[in-house]
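Engineer: Mind looking over this structure? Questions follow.
The values are calculated or read from the model by the stated rules, or taken from the named source; none is laboratory data. Just so it is clear, the model here is predicted, and its values are computed rather than measured. No Cβ is skipped: glycine too gets one built from the backbone with ideal geometry, and neighbour counts run over all protein chains shown. For accessibility, only protein heavy atoms count, side chains too; no ligands or nucleic acids. Shrake-Rupley method; radii C 1.70, N 1.55, O 1.52, S 1.80 Å.
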Amino acid sequence: MFRADYLATRSHAFSVSEKEWGWVNHNPVRSVKKPKEPVGRTRYLNEPELAALLEACAESTNRYLKCIVLLALTTGMRRG
C-alpha cells in the first residue's frame, strides 16, 4: 500500500507532465483511492523537557549530538 504523500507526489508529477509538458493525456493517479492517514497527535516538548534534552545532549560523548538535535528542533525535522 502506498502512503498518501507518495500518491500526492506521483499525482503532481503526472499533472505537470499533462498540463505543462503535454507528455501524457491524463493523470492515472487521480483514480487511485487515497488511503486514510492514521489519526495521531502532535506533541511538543515543554520547557523542562527541552532543557533536560539539551543538557543530556551536551553531556553526550558525541560532540555533534547537541547541534543535530538543535537543528531538528528548530527546523521541525520529522522522522521520515
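Engineer: Can you name the residue in the stretch 22-65 that is in a loop (DSSP other than H, G, I, E, B) and of a type in the set (S, T, N, Q) and, of all such residues, is farthest from residue 78 (Cα to Cα)?
Structural biologist: It comes out as 25.
Engineer: Working only within the stretch 22-56, note down all residues that are open to solvent by 100 Å² or more (accessible area, probe 1.4 Å) and small (Gly, Ala, Ser).
Structural biologist: Initially, the stretch 22-56 is screened for residues open to solvent by 100 Å² or more (accessible area, probe 1.4 Å), giving 23, 25-26, 30-31, 33, 36-39, 41-44, 47, 55.
Scanning the stretch 22-56 gives a single hit, 31.
Engineer: From the list 8, 4, 72, pick out the single residue that is of a type in the set (Gly, Ala, Ser) and modelled with pLDDT of 90 or more. So that I can check it myself, show each step before the final result.
Structural biologist: On the way: 8 fails: modelled with pLDDT of 90 or more; 4 fails: modelled with pLDDT of 90 or more.
Among 8, 4, 72, only 72 is of a type in the set (Gly, Ala, Ser) and modelled with pLDDT of 90 or more.
Engineer: In the stretch 1-21, what count of residues is obtained for those that are surrounded by 12 or more Cβ atoms within 10 Å (Cβ to Cβ) and part of a loop (DSSP other than H, G, I, E, B)?
Structural biologist: Residues in the stretch 1-21 being surrounded by 12 or more Cβ atoms within 10 Å (Cβ to Cβ) and part of a loop (DSSP other than H, G, I, E, B): 2 in total.
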